[in-house]
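Working notes for the structure below.
The values are calculated or read from the model by the stated rules, or taken from the named source; none is laboratory data. Note that the coordinates shown come from a computational prediction; the quantities given were computed from them, not determined experimentally. No Cβ is skipped: glycine too gets one built from the backbone with ideal geometry, and neighbour counts run over all protein chains shown.
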Amino acid sequence: MDFFIQMLASGLSVGAVYALVGLGLNLTFWTTRVLNFGQGAVLMVGAMVTAVLIASGTHVIFAVAVALLTAAFILILIEALAVRPLAKATGSMGWIVSTLGAGILLQGLASWRFGTQAVAFPDVLFSSADTVQFLGAYISVQYIAVFVISVLIVVLMELFLRRSTWGYAVRAVAHDNEFAALLGIPVRRVVLASFMVSGLLAGVAGILVSQVSGTVDPGFGMHLLILAFVATVVGGMGSAFGSLVGGLLLGVLEKLVGGYWSPAAAEIVAFILLVGVLTIRPQGLFGKPEAVKV
Amino acid sequence: MLEVRNLQVSYGAIEAVRDVSLSARSGHITALIGANGAGKSSLMRAISGVTPATSGQILVNGRDITRLKPHERARVGVAHAMEGRRILHQHTVEENLVTAWHFRKPPGSFKQALEKVYSNFPVLAERRRAKAGTLSGGQQQMLILSMATQHEPPVVLLDEPSLGLAPIIVTQIFEYIKAYSAEGNRVVLLSEQMATLALKVADYGYVLKHGQVVFDGDRKQLNDGVADLSSAYLGTTG
C-alpha cells in the first residue's frame, strides 16, 4: 500500500508536468498549426540554466527568472527563424525539420557548453529530504509542490482561454486567423505572445521535472517531449483540460508499470495507451473533432 | 464614402482583379454583381486587407487605408463579412459578439450594442450561450451581420449574404442592411451572383467579369439592362 501511494504520488507529479509541457505545445500549435519539436530542448535549457546559475552561487529566484526569460526568448527566436519563414509557403511541412533542427542545435550548444554528463539539480522547491506522511506512506513535499504548481498553471491557462477577451482572441486566431484579423485582433501579436508564453511554460516545466528527477542533461528534453506529446494527443489537442487528464493518466500509468513491472516497460505502455485511445476516439479524450472545409 | 482606384489583385500569375475603380456612396447600398470567379470576393478581400492589393488605392472618407494591415482597417471602420459564413464556431454567440467588439476598440458601450443586437434579432438572445457552430444557417447569418455592424462602422462589406438562405430570411436580412445603411449614412457594399436579388436592395451596381468592371449604373439602368446583363456577363439567368 505504501509503495502504491508513493508510485501514485510520483506519477501524479510527473504527469502534471507532462500536462504543462503539453500545454506549451498546444498553445503554439493552436495559433500557427505548427508542432514545435524543439520544445524538448527548451525544457532542458530552462533546467540547465537554473542548475548552472545556482551552482555558481546565484540566488535561486534570480536563477529561475533568468532561466524562464531565456526559454521565452528562445521560443521567440524559433518563431522568427524556424516557423514564420516557412509559413509563407502554404501547406509546407518544412517546420517539422526546422523546429526539430532548432532543438538539436540547442542540445548541441548545451553539450558543448556544459558537457553531456548529467548535472545534479539543486533544491529549488523545498528539500528532497522533506516528506509528509499520508496513509502511512512518506511522500516527498517536492512531488506535491510540483503537482500543485503544474495543475494551478494549467487551470489558470484554461480560465484565461475560456473567460478573458484575450483568451477569446487566442481561440479566434486558432480557429480562423484571417477572420480574427477582420475582427480587429492583432494576429501577429497573438502569435508572438503564444510563443513567449509557451517558452515560459517550457521553462517552468523543465525546472519542475528536473526537481523531481534530480538531474538534468542536454538530452533529457526529447524523451519528455514525446511523452508530453502522447499525453496531449490522448487528452485532445484542442483542450488544456484534456492535456491535464492525459498527462496525469500517462504519468500514473508510467510509474505504476515502472514500479510493479519494469521501468523499461513504461514507454511501451505509453504508446499502447496512445494507440488504444486514438483507435476509439481519434480526436483524443476531450478534443473536438475538427471539420476542415475543402 | 468608399473609393477604390485602379485596384489590382493577383494570385501569382492569375489576375483576379484588374484595374478596378469604383466608389460607393454613404447612405447607399452598392452591389457588386458577377458570376462565380468574376473577382467579387477578391475585390472585397483587397478592400478589407486580407489579400493585399498588388497596386491601386483604397480610400475611406478620403483617408488612404491601402497600407494598413487588416486588423488596423477593422479598427478604422471597415467591416467585412466574408463568403462561406465564417464565424467562430467554438465560441458562444455572446463570445462571438464580445470578440467582434472588443478588439476593434469602438467608442460607446458594448452593453447597449448588445441590447440592440438582441432586439434586432431576438433569436440570438435566446441562443446567446449556444456555440455558434450549432446555429442554423439563418441564425448564423444574423450573427455574422451583427458582428459586422454592432460597432457601427462607416463601411460594411457583405460577400453574398443571401447565399443558401430561405427567401424569408433573405428578406429580413436585406431589410436590416437597408436600415443600417440609411440610418447612419453608411457605406454598404454587397456582392451577389443574382442580379435580380441585388437589385431589390441596391441603389447602384457594378457588374464584374473576369476581374474587370464591364458595366455600372443606378438601379434603373441596371434594371433596364438586366436581361442583357444576365446573358452577356453572368452566365446564369437569375
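So is A:Phe126 part of a helix (DSSP H, G or I), away from chain B (no Cβ under 14 Å) and either over 16 Å from A:Ala51 (Cβ atoms) or at pLDDT 95 or above (or both) or not?
Values: part of a helix (DSSP H, G or I): no; away from chain B (no Cβ under 14 Å): yes; either over 16 Å from A:Ala51 (Cβ atoms) or at pLDDT 95 or above (or both): yes.
So A:Phe126 fails the test.
Which one is surrounded by the most Cβ atoms within 10 Å (Cβ to Cβ), of the residues in the range B:89-104 that are more than 7 Å from chain A (Cβ to nearest Cβ) and over 19 Å from the mean Cα position of the chain (by Cα)?
Of all residues in the range B:89-104, those more than 7 Å from chain A (Cβ to nearest Cβ) come to B:92-94, B:96-97, B:101.
With over 19 Å from the mean Cα position of the chain (by Cα) added as a condition, the list becomes B:92-94.
Details: B:Thr92: 18, B:Val93: 30, B:Glu94: 18.
Per the stated criteria, the residue is B:Val93.
Looking at B:Ser42, B:Ser48 in this structure, which one is crowded, with 22+ Cβ neighbours inside 10 Å, under 19 Å from the mean Cα position of the chain (by Cα), on the phi < 0 side of the Ramachandran plot and within 11 Å of chain A (Cβ to nearest Cβ)? Write out each step before concluding.
Details: B:Ser42 fails: within 11 Å of chain A (Cβ to nearest Cβ).
Result: B:Ser48 is the single residue among B:Ser42, B:Ser48 that is crowded, with 22+ Cβ neighbours inside 10 Å, under 19 Å from the mean Cα position of the chain (by Cα), on the phi < 0 side of the Ramachandran plot and within 11 Å of chain A (Cβ to nearest Cβ).
Would you please list the contacts, defined by Cβ atoms under 7 Å and residues six or more apart or on different chains, that run from a residue in the range A:160-189 that is farther than 16 Å from B:Val76 by Cα and within 9 Å of chain B (Cβ to nearest Cβ) to a residue that is of a type in the set (D, E, K, R) and in a helix (DSSP H, G or I)?
Correct list of pairs: A:Tyr168/B:Glu95.
Have a look at B:Leu157, B:Leu143 and point out the one that is modelled with pLDDT of 95 or more and touching a strand residue (DSSP E or B) at 6+ places or on another chain (Cβ under 9 Å). Show your work before the answer.
Working: B:Leu143 fails: touching a strand residue (DSSP E or B) at 6+ places or on another chain (Cβ under 9 Å).
So the residue among B:Leu157, B:Leu143 that is modelled with pLDDT of 95 or more and touching a strand residue (DSSP E or B) at 6+ places or on another chain (Cβ under 9 Å) is B:Leu157.
Go through the range B:117-139 and give me each residue that's surrounded by 14 or more Cβ atoms within 10 Å (Cβ to Cβ), within 13 Å of another protein chain (Cβ to nearest Cβ) and assigned to a helix (DSSP H, G or I).
Step one: list which residues in the range B:117-139 are surrounded by 14 or more Cβ atoms within 10 Å (Cβ to Cβ), which gives B:117-118, B:120-121, B:123-125, B:127-128, B:130-133, B:135, B:138-139.
Cutting the leftovers down to within 13 Å of another protein chain (Cβ to nearest Cβ) gives us B:131-133.
The answer is B:Ala132, B:Gly133.
Of all residues in the range A:252-294 being modelled with pLDDT under 85 and crowded, with 18+ Cβ neighbours inside 10 Å, which is farthest from the other protein chains (Cβ to nearest Cβ)?
By that ranking, first place goes to A:Ala266.
Go through the range A:162-245 and tell me which helices (runs of 4 or more DSSP H), entirely inside it, have 2 or more residues that are surrounded by fewer than 23 Cβ atoms within 10 Å (Cβ to Cβ) and small (Gly, Ala, Ser). Break it down into steps so the answer makes sense when it comes.
On the way: elements: A:165-175, A:177-182, A:187-213, A:220-235.
So the answer is A:165-175, A:187-213.
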